[in-house]
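All remarks here apply to the structure that follows.
The values are calculated or read from the model by the stated rules, or taken from the named source; none is laboratory data. Everything numeric in this text was worked out from a predicted model, so none of it was measured. We place every Cβ from the backbone using ideal geometry, glycine too, and count neighbours over all the protein chains shown. When the accessible area is computed, the model is the full protein with side chains, heavy atoms only, and any ligands, DNA or RNA have been set aside. Shrake-Rupley method; radii C 1.70, N 1.55, O 1.52, S 1.80 Å.
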Amino acid sequence: VSMLPPSAGFPEKRLNAAVKFRLPGEEGGASTAEDEPFRVEIHTVNVETGELNLVASGQGQFQPDAVEYTSHQAFALPEVGRYEVYGLVLLLPPAGMAACRQGPTIRIVP
């Protein structure tokens, strides 16, 4: 997770979560050959309250012969507090798999 500076399209600071993943198996399985879709979601959990929020999501399609992917998801700064950040990768049917990893704990200060 990194900070994005303000820009013409987004005057406020934002966070960027980079989610890197690799398809299972030596060649990544049949998913890459069939241009199947995948989805990446970023969730935050407020450490103090336990509140879970979906803060960003995006989708893509697997490319032939590629097994490693990086998805960048930008999202607004949460309210002041401490948050655990989670990245989820969903391989849509017919592959039908999901993976979740905990990222850093971030602290938002005034």
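Kindly list, by first and then second residue, each pair from a residue in the range 69-85 that is basic (Lys, Arg) to a residue that is buried (at least 18 other Cβ atoms within 10 Å of the Cβ), limited to pairs with Cβ atoms under 6 Å and residues at least 6 apart or on different chains.
As it stands, the answer is none, since no pair meets every condition given.
If you take the residues in the range 40-90 that are in a strand (DSSP E or B) and among the aromatic types (Phe, Trp, Tyr), which one is surrounded by the most Cβ atoms within 10 Å (Cβ to Cβ)?
Going through the qualifying residues, I end up with Tyr83.
Just to be sure I understand the filter: pairs with C-beta atoms under 7 Å, separated by 6 or more residues or on different chains, first member in the range 86-100 and of a type outside the set (Gly, Ala, Ser) and modelled with pLDDT under 85, second member part of a loop (DSSP other than H, G, I, E, B) and open to solvent by less than 50 Å² (accessible area, probe 1.4 Å). Which pairs pass?
Leu92/Glu36
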